[in-house]
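**Student:** Structure in C-alpha cells, see below.
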Amino acid sequence: MKTSQSREPWNKGKLIGQKPPLKLKDIWAIRIHLQLGKRIRDLAMFNLAIDSKHRGCDLVTLRVRDVAHGNQMLSRAIIVQRKTQRPVQFELTEDTRNAVSAWISKANLKLEQYLFPSRLKNSLHISTRQYARIVHRWVASIGLDPTVYGTHTMRRTKATLIYRRTKTLRAVQLLLGHSKLESTLRYLRIEVDDALEISEQTEI
C-alpha cells in the first residue's frame, strides 16, 4: 500500500531574490547597538563584513594572519576567493582595524587561528549558517525585517554605496572579484535605475 507524503516547499513563507544592501543610517544604527552592548566580536565581524565585501564562506574562514602582521593591523589585505579562486584585495578602515584589533586582544587569538572561532568543539570557525543567524540578529536589533536581509546584504552594502558615489563599475567589479562586468551589473541591479536617471537628466 502506497502512502503519499506532501512535502512543504522549501521557500514557503520566505522572500526569495537578491537581498538589499543596508543604508548608511542602518549601518550606523547597528554599529551603535553593538558598541552599547559591548559586543566586541560582533562589532569586529560587522565592520569587517562591510569593508571586505566578502561572501560568507570567505569571511568565516579569515585567519588573524590575513588581517594582521604581528601586532600591526593591515590597512589592505588580500585573499583568494573560494568560489572563483581569484585573488581579491580589500581595505580595512580605521574603525574596522580598531574593532578587529580589540576582538583579537580580547579573544587572545594567535596569527594562525581563525578570526572568528566557533564555540562548538567539532568546528574550528563559525559556519556560514551561524553567520547568517548573526546577520539576522543585527538587522532585527534595529527594527528591520530579518527575512528581507541576509549575508549577501553585507557583501553588497559597501559595493552599492561606492557605485552610487562614483558610478565606476570597473572599481566595484575589482572589489567584488567578478570576472565579468555583466556580473557586477546584475549583482548591483543598477541597469534600470541608471537608465531612468540618465533619461530624467536628458531634456529634449
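**Student:** Could you give each residue of segment 170-180 its phi-based ³J(HN,Hα) in whole Hz, using Karplus coefficients 6.51, -1.76, 1.60 with θ = phi - 60°, and x for Gly or Pro?
**Tutor:** Once θ is set to phi - 60°, the couplings for segment 170-180 become 4, 4, 5, 4, 5, 5, 8, x, 6, 7, 10 Hz.
**Student:** Quick one: net charge of residue 102's neighbours, Cβ under 12 Å, K/R +1, D/E -1?
**Tutor:** Value of the local net charge: +3.
**Student:** Please list, in order along segment 96-102, the HN-Hα scalar couplings obtained from phi with the Karplus expression 6.51 cos²θ - 1.76 cosθ + 1.60 (θ = phi - 60°), rounded to whole Hz, x for Gly and Pro.
**Tutor:** Ordered by residue, 3J(HN,Hα) equals 5, 4, 5, 5, 5, 4, 5 Hz.
**Student:** Return the Rg/Rh value of segment 26-171, two decimal places, where both radii are evaluated on C-alpha atoms and Rh is the Kirkwood radius.
**Tutor:** Value, to two decimals: 0.94.
**Student:** Looking at segment 90-184, what % of the alpha carbon pairs are farther apart than 17 Å?
**Tutor:** Beyond 17 Å sits 67 percent of the P(r) for segment 90-184.
**Student:** Sorted by packing (mean other beta-carbon atoms within 10 Å per residue), highest first, where do 149-160, 167-178, 55-66 land?
**Tutor:** Ranking, from highest mean packing down: 149-160, 55-66, 167-178.
Every number here is computed from the coordinates shown, using simple stated rules; none is lab data. This is a predicted model, so every value here is computed, not measured. Please note: Cβ atoms are built from the backbone with ideal geometry, for glycine as well, and neighbour counts cover all protein chains shown.
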